[in-house]
Structures are given as structure tokens and as C-alpha cells.
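J.: A single structure is presented below for examination.
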Amino acid sequence: MRQFIALTKIELEFARLIGYAPGHRQRGALMGTAGSVGVAVVALLAGVVIGWLLARSRGRPELSERLERAERAVKEESARAQSAAAAAQANARRDVAALQAEMASRIERLNAEHRAESEKLARHLTEAYDELDKMRVRADAAKGRNPPDTGQGFPPTMPLGDL
């Protein structure tokens, strides 16, 4: 019986440490449940941490392989995009150069046409003024008048813009 009492004293001391008071079975039962829940939570957290560490160490090669594949894919896509952009830029430069050459030839052709039309109009106006001067001289001669001399050597019908 002495062992039973000693055991009982140890149990009482342990019960006192965990918050169990003799005669208050419900309080002790609740504290035992709270302690058990606390231990279970701590064990669960420890399990989660250990599982995470194991998964991390096992998943690291797969993750690094996926990362390398994704990096290669991004680099390949970037290279394709850069080559497409360079090709588009080369095409655009070629098209701009062709348009500039075409515009230069068009401008030169239009300038030549304008020059030819201006010269043709100038010849036509000169012929018309010469004809008008001849007709005026004949009309003045028929009336018996001499044409007035301007003193500058120009015919009287010369336009002012040509002076």
C-alpha cells in the first residue's frame, strides 16, 4: 500500500503541476483536454514544418528544372520577338528608302513638267505680245502715227512683271 500511496503522491504532484486539483474533477478534465489540445497543436505544427522541409528538399530539383525550362522558353520567345522586330524594322527602312526615292523622282519629274510648261507659256506670251506689237504698228501706220518711244528699248506691250 505504501507504493500505492507514493504513487498517489506523485500523481498528486503531477496533477498539481498540470492544474488538476483533487475534488475538482471537471476542472482537471478540462485542463487535461486543453493540455492535450495544446500538445496536439504543437505536434501538428511540428509535423507541418517537417513535412514542408521534406517537400522542399525533394521538390527543389523539380522546381529548379521547371525554372530552367521556363527561363529557356522566355529567352527563346524574347529572341523570336527581337528577330521579328529587327525584320520589321529592316522592312520599314527599305520601304521608307523606296518611298523617298520614288518621291524624289516624282518631285524631279513634276519640276521638269512645270519648267517645260512655264517655258511653253513664256514662248506663247512672247509670240502673242510680238503679234500685238506688229498689229499696233500696222494700225498706227494706217492712221499715220509714229509709235511712241519709251526710251528703254522695250516694246510698249511688255508686261511689268518681266521688267
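The values are calculated or read from the model by the stated rules, or taken from the named source; none is laboratory data. Treat the numbers as computed from the prediction; the structure is a model and nothing was measured. Neighbour counts are summed over all protein chains in view; Cβ atoms, including those assigned to glycine, are modelled from backbone coordinates with ideal geometry. With ligands, DNA and RNA removed, areas are computed over all heavy atoms of the protein, side chains included. Shrake-Rupley method; radii C 1.70, N 1.55, O 1.52, S 1.80 Å.
J.: Scan segment 124-131 and tell me whether some residue there is out of contact with any Lys or Arg (no Cβ under 9 Å at 6 or more places or on another chain) and open to solvent by 100 Å² or more (accessible area, probe 1.4 Å).
T.: Yes, segment 124-131 contains a residue that is out of contact with any Lys or Arg (no Cβ under 9 Å at 6 or more places or on another chain) and open to solvent by 100 Å² or more (accessible area, probe 1.4 Å).
J.: A further question on this structure: Only one residue in Ala141, Ala98 is at pLDDT 90 or above and either among the hydrophobic types (A, V, I, L, M, F, W, C) or more than 30 Å from the chain's Cα centre (by Cα) (or both). Which one?
T.: Ala98
J.: Any residue in segment 62-75 that is open to solvent by 60 Å² or more (accessible area, probe 1.4 Å), modelled with pLDDT under 80 and in a helix (DSSP H, G or I)?
T.: yes
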